[in-house]
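In what follows, a single structure is set out as structure tokens and then discussed.
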Amino acid sequence: MQKILLYYKFTPIKDPEAVKLWQKTLCASLNLKGRIIVSHQGLNGTVGGEIEDLKKYIKGTKEFPGFKNTVFKWSAGGREDFPRLSVKARRELVGFQNSEDEFTVDAHGVVGGGKHLKPEQVHKLVEEFGDDVVFFDGRNAHEAKIGKFKNAVVPDTRTSRDFIKELESDKYDHIKNKKVISYCTGGIRCEVISAMMKKRGFTDLYQIDGGIVKYGEKYGDDGLWEGSLRVFDDRLSVDFSDHAAVIGKCHHCGGKTKDLANCALKSCDKLMVVCKDCQQLPERKFHAPACASKSHLLK
């Protein structure tokens, strides 16, 4: 039986290249596929394989002192949801532009970020403060089109690099003194975003411990989440139950869907919400959000 692991750990790493080689060797020995990023800020990965092999991977990874307390999240799927094993050393653990100048990392993680909340603590905060609690989506905008927290603020971002520009605009001045809960897929982006937000005048910041994944494990589709979760492997999206709401609208026909497809223009190549029926009609033209002046076909 196979599963997928999602995980991250902010911790100082002196030699990312050495850790990269070690992780690559460990994964290859266990026949795992997936994507792993190592930087001087820590480790971020998603890997799939046999459950027993994944357990060995967890044990082996935790032998590195800085990764001892890493939280590993399990998800449905397996090795074949990834085309290959990719292990890379990069300057930034999360792809924000020049984020190394935005926050610091110590042995306890990101310094100066938002307070971590367990899923049940999120509900308690909302019950106590109502409209004074604002959910802030820390993902790219297309991800929120198929799933998000109810009434969440969704920044106008196509990539993680757009966040600094968004936060430095005046769009969010009206919520800077409210209780803002940032959220993202597994929690890693919110670690950075909450630190960025605090530097820009947000006063009462929180983040969901373990991200949407952990919240979905606890409440499924019977809480404050609605829709499907975008994931970064061949599954593209997952649901937390058999009664997940469908909130996405096909970019071409307007019908309800949670399906995603690449924009046909190679220079764009952005994911769009496109239903399966329209994906089967390659002669039907549409405009992608990232290249709205161009008309082209689905791949």
What accessible area per residue comes out for the chain, rounded to a whole number of Å², with a 1.4 Å probe?
49
Work out, step by step, the length gained on full extension between residue 116 and residue 243: first 0.36 nm times the residue separation, then minus their alpha carbon distance; give nm to one decimal.
42.9 nm
P(r) weight above 17 Å for region 107-183, C-alpha pairs, percent
52
Treating every alpha carbon of region 160-243 as one equal point scatterer without solvent, the Debye formula yields log10 I(q)/I(0) values at q = 0.12, 0.15, 0.22, 0.26 Å⁻¹ of -0.42, -0.64, -1.07, -1.22
Express the relative contact order of the chain as a whole percentage, based on alpha carbon pairs under 8 Å and six or more residues apart in sequence.
14
Sort 129-140, 80-91 for me by packing, meaning the mean count of neighbouring Cβ atoms within 10 Å per residue, highest on top.
129-140, 80-91
Taking alpha-carbon centroids only, region 168-216 lies from region 100-150 a number of Å equal to 4
Kindly provide log₁₀ I(q)/I(0) values, in the same order as q = 0.20 Å⁻¹, from the Debye equation applied to equal alpha-carbon scatterers of region 30-71.
-0.65
Relative contact order (percent) for region 1-148, with alpha-carbon contacts under 8 angstrom and 6 or more residues of separation?
29
Please report, in whole Å, how far the alpha carbons of the chain spread along each principal axis, starting with the longest.
52, 46, 36
How long is the gain from residue 1 to residue 88 if the chain were fully straight, where each residue apart is worth 0.36 nm and the alpha carbon distance is subtracted?
28.6 nm
Starting from one equal scatterer on each C-alpha and no solvent at all, send me the Debye-based log10 I(q)/I(0) for region 8-163 at q = 0.10 Å⁻¹, two decimals.
-0.46
Structure-based [θ]222 nm, the chain - -39500 (n - 2.57) summed over DSSP H runs of at least 4, per residue, nearest 500
-6500 deg cm²/dmol
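The values are calculated or read from the model by the stated rules, or taken from the named source; none is laboratory data. Note that the coordinates shown come from a computational prediction; the quantities given were computed from them, not determined experimentally. In this analysis, Cβ positions are derived from the backbone assuming ideal geometry, glycine residues included, and neighbour counts consider all displayed protein chains. Note: areas computed on protein heavy atoms with side chains; ligands, DNA, RNA excluded. Shrake-Rupley method; radii C 1.70, N 1.55, O 1.52, S 1.80 Å.
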